[in-house]
1. Taking H placed 1.01 Å from N in the peptide plane, check which residues at least 5 places from SER105 or on another chain put their amide H under 5 Å from its amide H.
2. Step through the residues of the range 105-120 one at a time and calculate ³J(HN,Hα) from phi using the Karplus curve (6.51 cos²θ - 1.76 cosθ + 1.60, θ = phi - 60°), rounding each to whole Hz and writing x for Gly and Pro.
3. Output wanted: per-residue J couplings in Hz (rounded whole) for the range 87-95, from phi through Karplus 6.51 cos²θ - 1.76 cosθ + 1.60, θ = phi - 60°, x for Gly and Pro.
4. What residues qualify as long-range amide H neighbours of LEU28, i.e. H under 5 Å apart, gap of 5 or more or another chain, H built at 1.01 Å from N?
5. Starting from the amide H of ALA11, placed 1.01 Å from N in the peptide plane, find each other amide H under 5 Å away whose residue is 5 or more places distant or on another chain.
Amino acid sequence: MSAIGSLVFCADCGNLLDGGSGDGKALLVCDVCGASCRDTASKVIVTHSKPSAFPSSLRAKRSEVQTLTEDDMQTDATIRQTCEKCGREEVRYYTQQLRSADEGSTVFYTCDCGHKWNTNN
């Protein structure tokens, strides 16, 4: 016989047994195969698990993201684009999705001279 929660099943045939008094002294008899055992419905089973017992890729990513600082993240890149104001041929840029998902993103350019502009893809 085996107990799951307050349900008791016959270990021989798997039949659900009628619950006893729950005191552990009553004898339960299976109506299908005739096997008998003591009533274990009152038995309390307690388990403990360490968080590391169930590794999670999401938990690992969350931990990795939380440890990053703003200095660790590169927010812009460099591209060969001519600045309209000073003529410098290399500027920094980053993209951001400002419109709906089915439309292109907006590209923001910044030159070392301080000039800023954007274009929509």
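1. For SER105, the qualifying residues are ASN121.
2. Each residue's phi maps through the Karplus curve to give 8, 9, 9, 9, 10, 9, 9, 4, 6, x, 6, 10, 7, 9, 9, 9 Hz.
3. Taking θ as phi minus 60°, the curve returns x, 4, 8, 10, 10, 8, 8, 8, 10 Hz for the range 87-95.
4. CYS37, ARG38, ASP39
5. For ALA11, the qualifying residues are SER2.
Quick note: the coordinates plus some simple rules give every number you see, no bench work behind them. Bear in mind the structure is a predicted one, so any value in this text is a computation, not a measurement.
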